[in-house]
1. Pairs of alpha-carbon atoms within less than 8 angstrom and 6+ residues apart define the contacts here; what relative contact order does region 82-152 have, in percent?
2. Answer rounded, prolate or oblate for region 1-55, using the Cα gyration tensor with square roots of eigenvalues a ≥ b ≥ c: rounded when a/c is under 1.5, else prolate when a/b is larger than b/c, else oblate.
3. Identify which of 134, 98, 46 has the largest mean-square fluctuation in a Gaussian network model of the chain, with springs joining Cα atoms closer than 10 Å.
4. So what's the angle, to the nearest 10 degrees on a 0 to 90 scale, between helix 16-29 and the longest Cα principal axis of the chain?
5. Contact order normalised by length for the chain, with contacts defined as Cα pairs under 8 Å and 6 or more residues apart; what percent is it?
6. Between 0 and 90 degrees, rounded to the nearest ten: what's the tilt of helix 74-83 against the longest Cα principal axis of the chain?
7. Return the distance in nm (one decimal) between the two label points of a simple spin-label model at residue 113 and residue 27, each offset 7 Å from Cα along Cα→Cβ.
8. Measure of size requested: the Rg and Dmax of the chain, with Cα atoms as the atom set and Å as the unit; please supply both.
C-alpha cells in the first residue's frame, strides 16, 4: 500500500458508479485512505466552488458528460478551470487511446500504468497540467463545444 498524508481527492463523474469504483481503487491503494469526495456532473452546480477545489490535493474527472444534445469533453473544460486554481487533475476516459496521448493528466484502461499508481504519482509530486490540458484540448477540441439544449 502507498502511504497517503491525509490527502483529499475530489472525483467528478457522469455516473455515480464510476466515482464509487475510483474511490474503491483509492481506498485499496493508500494507507491511510485519503478523503475522497465524490460528485457527479449534475451535482456540480450546487457544490463546486473555488473554495471546494482549493481543498483538494487532486481532482479526478470523467472525460465525458452527456447532455440531451450530445456529449461534451467536460473533463477537459473543467480540468482547465481547476488548473487555473493551481490544483492537479487526472482525466479518466472510457476510450482506449492512452498509447497515443503523452499526458500525465490523462488515463484510460489501455494505459500501461494502473490507475492507483497514476493517482499515487500525481499526489506525490506537483506538476503543471497546463501543457497536458492544451494537448487534450487539441485532441478533443471538437467535443469541447457546448451541445445544443445545454441550458434546457
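Taken together, the values in this text are just the output of simple stated rules run on the coordinates, not laboratory data. It should be emphasised that the depicted structure is a prediction, and the values quoted were computed from it without experimental measurement. Quick reminder, even Gly has a Cβ in these numbers, built from the backbone with ideal geometry, and neighbours come from all protein chains shown.
1. 28
2. oblate
3. 46
4. 20
5. On the way: 260 pairs, mean separation 34.1, N = 152.
That works out to 22 percent.
6. Here the helix axis deviates by roughly 60 degrees.
7. Taking the two extended label points, one gets 2.5 nm.
8. Over the chain's Cα set, Rg and Dmax evaluate to 14.6, 45 Å.
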